[in-house]
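Report on the following structure.
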Amino acid sequence: MRAAFDENLKHHKAEIPQLVWFNALLIASNGTDSRVGSLTADWEPRV
């Protein structure tokens, strides 16, 4: 899931940046696991 997240984010930022201009939260999901965060959030949650 991490690799897919990284690749999709890189692709969207490079190829279609208007998709991420005004996003408050991004959701990454593979149907089983999900992550929610901001565009600049780290992969690991901060405690």
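Side notes on the structure shown:
- Selection from the stretch 24-37 of residues that are under 10 Å from the mean Cα position of the chain (by Cα) and surrounded by 10 or more Cβ atoms within 10 Å (Cβ to Cβ): Leu26, Ala28, Ser29, Arg35, Val36, Gly37
- Some residue of the stretch 5-13 being modelled with pLDDT under 75 and loosely packed, with under 11 Cβ neighbours inside 10 Å: no
- Scanning the stretch 13-22 for residues that are closer than 17 Å to Asp42 by Cα and part of a helix (DSSP H, G or I) yields a single hit, Lys13.
The values are calculated or read from the model by the stated rules, or taken from the named source; none is laboratory data. It should be emphasised that the depicted structure is a prediction, and the values quoted were computed from it without experimental measurement. Cβ sites come from the backbone with ideal geometry, for glycine too, and all protein chains shown count toward neighbours.
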